[in-house]
Amino acid sequence: MTGHVGLAGVRDGALLRVVSGERTRLETFAALLAPLFASRQVAWRTVFERSGPAELDDLMMFGPREVHVVFRLDEGRDQALMCILPRDRNIGLMWQAARGIRDEVVRAHA
Amino acid sequence: MRTYERALDILARVESMPGDTTGALCFGKARVLVQGGAICWAVAPGSPVRLTDLLRSQRHPPLSRDELEACYRRCRDSGQPVGEGLLAAGLVSAQGLRQALFAHTTEGIAQIAQAEQTYEGFVPHQRAGYDARFVFSTVETMVGLGARGHLARAALVHSTLASVLGPDTVGAGFVIDADGPRVVATAGSVGRGVNQVMELCRWAHSLFGVIGFVDDQTRVAQGVWNRECAVVTWWDASAHYVARCDTRAAATLLLSRIERREEELAA
């Protein structure tokens, strides 16, 4: 299963979808991620400070056609990965696919 | 601070007391009687709800005032607790008595909160004398307070929880009003106390604030709460829901039940 990949972050209290909505090859995504990871402007926690203490690590959101999965990649730097996968009845398969993407991104930037 | 929050503060105060404490929390002329971390009774001057009326309405047709008053007099003369006397005389069932006491207690606490009565201290009682069948946990009382004014919706939410929650899963349903989340139904032990239940509900509600930005069609989400357990949260036309699942399998089962329920409702 392949899916869309995006980076979600918060800047000035607004959730950003830096990359999403198009099928992106991981290599392209990794190239896009590099400068963003180097920047400390992507502050993931800001929205939670506003809305209460929340942990969004391993969050799966079920839309009508797509499933969005958010992983925190680097807690120290408050960066997170959002995968957008086609909706499937097999939730375990979607988790597996999302984790695979997460692990690849983590390895690419290790 | 709003009325519901003030009422929850009273419940949190009860929870903060040592487990073996029995006595009365005093708020002006109002009292909340506690025993072993549970609430036995609350009474507030000027409350529009009278216990007599609540007891009468537990029967159909309603009990006559004369019957109730005769029982009160017998109990007063013999020293028997009124509840025991009502049960012994067969005037009310144990369930009916519990319902009446619960309604009176939640109303009393709501009145104390609404009147912004200041806590003035605790008067200990020498011994615990309340029948355990007729005392109420703080979370149960919180649900009763939340359901005030939302009784039909609370019944619907309770039915929804019962239909989708499976093994190893507990949950709560809440509505959002000007006071924020109000818990109207629970299934199982959702939290260790009112603050933990409210924290979970606020967290679930705040998720949709974030999720709505990503995909405003999203009605269901699964996450990890406090790095402890899988949480599934969803909403429908009646309420918001949050469920704690002990295992990922339990969360997956719940998600599939929610999905099936949505499909059935849409069909």
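Counting only residues that are in a helix (DSSP H, G or I) and touching a strand residue (DSSP E or B) at 6+ places or on another chain (Cβ under 8 Å), the stretch B:190-203 holds 6 of them. Would you confirm whether any residue within the stretch B:56-72 is outside any loop (DSSP other than H, G, I, E, B) and either within 21 Å of the chain's Cα centre (by Cα) or within 21 Å of B:A110 (Cα to Cα) (or both)? So far as the stretch B:56-72 goes, no, none of its residues is outside any loop (DSSP other than H, G, I, E, B) and either within 21 Å of the chain's Cα centre (by Cα) or within 21 Å of B:A110 (Cα to Cα) (or both). Listed conditions (1) surrounded by 19 or more Cβ atoms within 10 Å (Cβ to Cβ); (2) over 18 Å from B:A103 (Cα atoms); (3) within 20 Å of the chain's Cα centre (by Cα); (4) of a type outside the set (D, E) are all met by B:F27, apart from (3). When you go through B:T106, B:T118 one by one, which is the residue that is surrounded by fewer than 17 Cβ atoms within 10 Å (Cβ to Cβ) and assigned by TED's automatic domain parsing to the domain that holds B:L8? That would be B:T118, the only listed residue that is surrounded by fewer than 17 Cβ atoms within 10 Å (Cβ to Cβ) and assigned by TED's automatic domain parsing to the domain that holds B:L8. Checked against (1) in contact (Cβ under 8 Å) with a residue 60 or more places away in the chain; (2) assigned to a loop (DSSP other than H, G, I, E, B), B:A110 meets all criteria but (2). Within the stretch B:208-219, residues that are modelled with pLDDT of 70 or more reach partners that are among the polar types (S, T, N, Q) and not in a loop (DSSP other than H, G, I, E, B) with beta carbons closer than 9 Å, at six or more positions or on different chains, in the pairs B:F208/B:T233; B:G209/A:S51. Among the residues of the stretch B:231-245, is there at least one that is within 12 Å of another protein chain (Cβ to nearest Cβ), within 18 Å of B:V143 (Cβ to Cβ) and of a type in the set (G, A, S)? Within the stretch B:231-245, not a single residue is within 12 Å of another protein chain (Cβ to nearest Cβ), within 18 Å of B:V143 (Cβ to Cβ) and of a type in the set (G, A, S). Restricting to the stretch A:59-82, and then to whatever is outside any strand (DSSP E or B) and modelled with pLDDT under 80, can you tell me which residue is nearest to the other protein chains (Cβ to nearest Cβ)? Selected residue: A:E75. Identify, please: which residue in the stretch B:160-189 is part of a loop (DSSP other than H, G, I, E, B) and under 19 Å from B:D9 (Cβ atoms) and is, among those, modelled with the highest pLDDT? Out of the qualifying residues, it is B:A178. The set of residues in the stretch B:217-230 being more than 9 Å from chain A (Cβ to nearest Cβ) and closer than 22 Å to A:R87 by Cα is empty. Taking the stretch B:204-267 as the region of interest, the strands (runs of 3 or more DSSP E) fully inside it that hold 1 or more residues being out of contact with any helix residue (DSSP H, G or I) (no Cβ under 8 Å at 6 or more places or on another chain) and not polar (S, T, N, Q) are B:220-225, B:229-235.
The values are calculated or read from the model by the stated rules, or taken from the named source; none is laboratory data. The shown structure was predicted, so the numbers you read here are calculated from the model rather than taken from an experiment. Heads up, the Cβs are rebuilt from the backbone with ideal geometry, glycines too, and the neighbour counts pull from every protein chain shown.
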